[in-house]
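See below for the structure under consideration.
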């Protein structure tokens, strides 16, 4: 805009000068007569030039040609990454795999002498927040080669051919600057499976990616690293050996890995001497690396909010609740009747979980957080990878115990069990359709067959849910005194920890497990 104003000013001055020349032609003046013809010609030419340039600048741009002619490349070079393998905890076997790749890039001679070929492509897949992108950043920090970063969405355009051009440009640069590493984050944006209904532009972009990955010369050291949360969406041609040779699953960390991750994210934070990182790792079962980093950061923020010089275990417990249960509602407007219902509901969960020994109850609360009016925080005593049918039934009974307690005490049910029913139904569906733990037999049923014969599957799922629910009813009916004791204490204190729950059970005789 400023440039246009300057051009307009110069143009006005030139036009004034030209106007004076024309006026002098009609009414000659002794002063202007001294100006020679060359000077007049120069002034005419300058004025016409400025007028032409101003009109050209003032024209509206043509949007489509400007986008198609843009040579914007979808890659970004990341030489400034300060992340190394020391910042990546709990993924030792994956770091070892990548260390071989980095070693090949730095010294490929010893591999070639043995006739070994480094994989052309490495694909990270797994849940969000488990460290896939962090691993790529660590590779950028460890290697001396050129590191090129691209997001899958950057190749997607509505104009046919633009995405394929960007893929070609990216790989041409990688070959020119070899040895190099290309990292494509969220590769499912361009690598989804092709079908009759797929987009033509996406298909061309994917085809170009397939050609580039399969068309490397053996002398060029270019490695492609991809990351995705949805491996099931990717095209089979992209996953085959020769393109992505290695598929590496990056899952949720186990207890030891969680401890290492927490140590990495707390090494620059002032911790109280009483903090035991291993105990915090035990309380965070099933959380991802990103969630653990968030917990460490939230604990530091809470310590600052409370004007403390050190982070103690109370700050970490509050941070875990903040991440898992949501933001605490400071001034809840919950009716007394609803508060009593929530206390009975959460007491039912805690009671059945304690009796059936389903995980370890850490805290029971009726303080509203997020969209929930109450919650029970529990975690397993140790990491489990295999669960029996009976253990799954116990989990379902625990989830349905809140609804069972409401029905027994109040004679009616509420909408508070929505999330519990969703989780219980998910487990039952896996038992019937994936684990072969039903009367339908030893079979795995995919989504296609589920739609064709849903009624038979629904009946089988309902049978399991009814059995688990009746078991919860029986346990709670035989232990109503304990249920009311937990509920009354919740109404008084709003929250109960594991030690207080143990004290309540000690006041009564050992509860009878009616289901055994």
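Each value in this text was obtained by applying a stated rule to the coordinates, not by laboratory testing. In this text, all values refer to a predicted model and were calculated from it rather than measured experimentally. We place every Cβ from the backbone using ideal geometry, glycine too, and count neighbours over all the protein chains shown.
Tell me whether region 235-374 comes out rounded, prolate or oblate; compute the Cα gyration tensor, take square roots of the eigenvalues as a ≥ b ≥ c, and use a/c under 1.5 as the rounded threshold. Oblate, because a/c is 1.5 or more while a/b does not exceed b/c.
One decimal place: the segment residue 506-residue 484 gains 6.4 nm when fully extended, by the rule 0.36 nm per residue minus the C-alpha distance. Mean sequence separation of contacting Cα pairs (under 8 Å, at least six apart), scaled by the length of region 79-183, corresponds to a relative contact order of 36 percent. Calculated FRET efficiency, residue 99 to residue 477, Cβ-Cβ distance, R0 = 51 Å: about 0.30 to the nearest 0.05. Computed packing ranks the peptides 497-507, 280-290, 317-327, 262-272 as 280-290, 317-327, 262-272, 497-507, most packed first, by mean other Cβ atoms within 10 Å. Placing a label point 7 Å from the Cα of residue 491 along the Cα-to-Cβ direction, the residues of region 386-417 whose backbone N falls under 13 Å of that point are 410.
Please work out whether region 379-437 counts as rounded, prolate or oblate from its C-alpha gyration tensor, where a ≥ b ≥ c are the square roots of the eigenvalues and a/c under 1.5 means rounded, while otherwise a/b larger than b/c means prolate and anything else oblate? Prolate. In this simple spin-label model, placing a label point 7 Å from the Cα along the Cα-to-Cβ direction at both residue 462 and residue 114 gives a separation of 6.2 nm. In region 419-465, inverting the average of 1/r over every pair of distinct C-alpha atoms gives 10.6 Å as the Kirkwood radius.
Extension gain for residue 92-residue 245 works out to 53.1 nm (0.36 nm per residue, less the C-alpha to C-alpha distance).
Once the chain from residue 336 to residue 425 is taken as fully extended at 0.36 nm per residue, the excess over their C-alpha distance is 29.0 nm.
Classified by the C-alpha gyration tensor, region 76-249 has a prolate form. Its axis ratio a/c, with a ≥ b ≥ c, is 1.5 or above, and a/b is larger than b/c. With contacts taken as Cα pairs under 8 Å at a separation of at least 6 residues, region 366-442 carries a relative contact order of 20 percent.
With neighbours defined as other Cβ atoms within 10 Å of a residue's Cβ, the residues 453, 232 order from fewest to most as 232, 453. The residues 110, 330, when put in order of fewest to most other Cβ atoms within 10 Å, stand as 330, 110. Ranked for footprinting exposure by Cβ neighbours inside 10 Å, fewest first, 145, 422 give 422, 145.
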